[in-house]
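A quick write-up on the structure given underneath.
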Amino acid sequence: MLKLIINADDFGMNAGVSHGILRALTEGIVSDTTLMVGMPYAEQAAALVLGAGISRIGIHLTLTCGKPVSPAGDVPSLVDESGCFYPKTALMLEHATAEDVEKEYRAQIAKFFSLGLGMTHIDSHHHSHFYGGNLDIAIKLAKELNVPMRHHNIVAGRDTKTAIIAAGLRTPADFTIGFYENGVSIAQLQAEILRHVECGIQSLEVMCHPAYVEQELIKSSSYNVWRANELAVLTSYEMKRFIRDNDIQLTNFDRI
């Protein structure tokens, strides 16, 4: 039986994203989500899931969107002249020091727990925890917390899955970003899942980004209108029936 994690990134980015993810968690097939604790809507997002009886989610470590949780002066290599994170991974890597990355990651984790949540796993916005020395820092923190991490196979020449497993951490057997942009359809998602079932894969994470698309999202993210399509697919009767008929176990990172 395939253990399937359908994980919604960007929880807390804004109201439309957060309410869309909550609907996908409570009415659809999304089985985990990760919170951007530094975004202005983070506290409201945490209240949403806690109010729905969901007390454990993941953290979406962030170095390329919004502002740090730490005072900007404490992590100077991570911010531009306005005190905001650099918006691109390449710029972040050009400036960031390992000391500041670890300091900010720890601040985000502390903020996460202050919201009354339990942590299922660690992943990151724009996959920033895979690059440079960030992977080793994230692994170190995951080991301290005894939580699983997302992997993304080979990133910047490094086998992230092997590194995570070698550290004694849990991670799904496979990970896919195929449910994205032109891959957002019921047929494509079913085909991607079935491919893993037929290969005998034990566990799979599907990354997703469902949302109600509002003007704030259109202004802040180039990946916007696709999110409404994702929400429709992930809450569809066809997908819920597909999961049931193919004996697939929806789960979260706690249970891999």
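Key figures
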| read-out | value |
| --- | --- |
| Helices (runs of 4 or more DSSP H) within the range 180-239 that include 1 or more residues of a type in the set (Phe, Trp, Tyr) | 225-234 |
| Check on residue 29, of a type in the set (Val, Ile, Thr), within 23 Å of residue 212 (Cα to Cα), in contact with an Asp or Glu (Cβ under 8 Å, 6 or more places away or on another chain) and modelled with pLDDT of 95 or more | no |
| Residue that is farthest from residue 53 (Cα to Cα) [pool: residues in the range 102-126 that are out of contact with any strand residue (DSSP E or B) (no Cβ under 7 Å at 6 or more places or on another chain) and of a type outside the set (D, E, K, R)] | 126 |
| Where a residue in the range 110-132 is without any contact (Cβ under 8 Å) to a residue 12 or more places away in the chain and its partner, wherever it lies, is crowded, with 20+ Cβ neighbours inside 10 Å and part of a strand (DSSP E or B), with Cβ under 9 Å and at least six apart | 113/119 |
| Filter pass, residue 197 being within 20 Å of residue 256 (Cβ to Cβ), touching a Phe, Trp or Tyr at 6+ places or on another chain (Cβ under 7 Å) and β-branched (Val, Ile, Thr) | no |
| Single match in 227, 241 (criterion: under 22 Å from residue 5 (Cα atoms) and surrounded by fewer than 17 Cβ atoms within 10 Å (Cβ to Cβ)) | 241 |
| All positions within the range 189-208 that are crowded, with 22+ Cβ neighbours inside 10 Å and either farther than 21 Å from residue 3 by Cα or out of contact with any His (no Cβ under 7 Å at 6 or more places or on another chain) (or both) | 189, 193, 205, 206, 208 |
| Single condition residue 256 does not satisfy, out of (1) closer than 20 Å to residue 9 by Cβ; (2) at pLDDT 95 or above; (3) crowded, with 17+ Cβ neighbours inside 10 Å | (2) |
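The values are calculated or read from the model by the stated rules, or taken from the named source; none is laboratory data. The structure displayed is predicted, hence computed values, not measured ones. Glycine also receives a Cβ, built like all others from the backbone with ideal geometry; neighbour counts cover every protein chain displayed.
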